[in-house]
1. Using a simple spin-label model with points 7 Å from Cα along the Cα→Cβ vector, what separation in nm is obtained for Leu42 and Asp230?
2. Using the per-residue mean of other Cβ atoms lying within 10 Å as a proxy for protection, in what order, highest first, do the peptides 333-344, 172-183 fall?
3. Quick one: net charge of Pro87's neighbours, Cβ under 13 Å, K/R +1, D/E -1?
4. Separation of the stretch 60-95 and the stretch 171-208 by C-alpha centroid, Å?
5. Contour minus end-to-end for Arg74 and Ala53, with contour as 0.36 nm per residue of separation and end-to-end as the Cα-Cα distance?
6. Give me the distance in nm between label points sitting 7 Å out from Cα along the Cα-to-Cβ direction at Ala117 and Tyr302, one decimal.
7. Find out how many positive minus negative residues lie around Leu159, taking Lys and Arg as positive, Asp and Glu as negative, among other residues whose Cβ is under 14 Å from that of Leu159.
8. Residues with beta-carbon under 12 Å from that of Tyr173, excluding Tyr173: net charge, scoring Lys, Arg +1 and Asp, Glu -1?
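FYI, it's all coordinate maths here, none of it is from the lab. Source: prediction; values computed, not measured. Ideal geometry is used to build each Cβ from the backbone, glycine not excepted, and the neighbour counts take in all protein chains shown.
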Amino acid sequence: MKLRHNGVVAMIAAAALSLFFLPPAGAQDLVPPPTDITGSDLTQVPGHLAQPADDVAHPGSATEWWYVHLMDPRTGRTFIALFFTSPAPITAMFYYPENGPKEVLPVAATPTTASTATPSAGNSAGGIGYDPVRGAYHFVFHANGFDVDAWLDQPVTGLTGGPIRYDGGQEMYWTSPVATSHPTGHLRTPDGQSTDLAGWRGYHDHNWGSFNVVDQRYSGWEWAVSHEPDGSASLLGGVVKGDGVWQGVVAHATPDAVIGCMATLRLSDWRVSGAYSYPAAENASCTDAKKGTPTGWEPEPYPGLDYTFHVTDPFVLDSGLLALPESVGRTGPGSIGLVEHIRTLPSRLGGGQ
């Protein structure tokens, strides 16, 4: 891993992204317990088919960001950008080359702007915005020697969910207007290599609410996306509360429909990275699913869902206050995606569950 930072920007980014804190003293001597869950809360969280109108700025949010990733199923190359507006105007990027160290870089840019009228956010380093004529999102990034200009074409719509309510009166909303796509455009790296994005897959989501990412009262969250070889996407997202109970959704998005349900989660295949244990397999299932519509869940049940997200190339960021694998993974042959298993410090030490 290569991780760069610069003073105040890095410290603020740490609070927002939990990338730049040092592990607690003595952490290397700990025997980390499994950061498992204690159960699954299947109480229905409001949700509907994601709409561009969900992807606008939400003034008053304690935390809000826009997220984009591009992945090459053939090589595993990955580019990720996050545009924060709250709690601070911070932008960060991840780059995973086919070979060599993975990078996490803060971005020196003028403050982030976001629109309350149109789906867009960005700053002097780039941004993400929706073009209603083309029916696609346009993602640009020009910083740290990287140059990306990508249209998330042939988008497959995901879900909007929330609020998920959890410890300390916190609320989280999540929308995935692009569960998967077939990007067009290019990615240029600092060494001058330019790659046509044909054959890659792209994803975009947006999170906001009254929550604080580094709040130590909750245990963390689980999130994953898998771009399937048939052009669909499998999604997982939810919060793990302070008592270790998970509440979240698993969904499958195709060009024709998005099917989702509150999921029972099972974590397995435990691995250790420093003072942190994490699962290399996350199974999410339900017996009955529902179709997302623009106004809510269709009442008629659909067959249940059962997906296991496997970590294939782990990448763990350990901040002490939070630990986060942002790992390349998949659900099955030919798929590619990312898996997150975020945990606060109390849950990692066995005192949060």
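1. 2.5
2. 172-183, 333-344
3. Value of the local net charge: -2.
4. Centre-to-centre distance over Cα atoms comes out at 9 Å.
5. Once the chain is fully extended between Arg74 and Ala53, it gains 4.2 nm.
6. Taking the simple label geometry, Ala117 and Tyr302 are separated by 3.5 nm.
7. Local net charge: -2.
8. The answer is -4.
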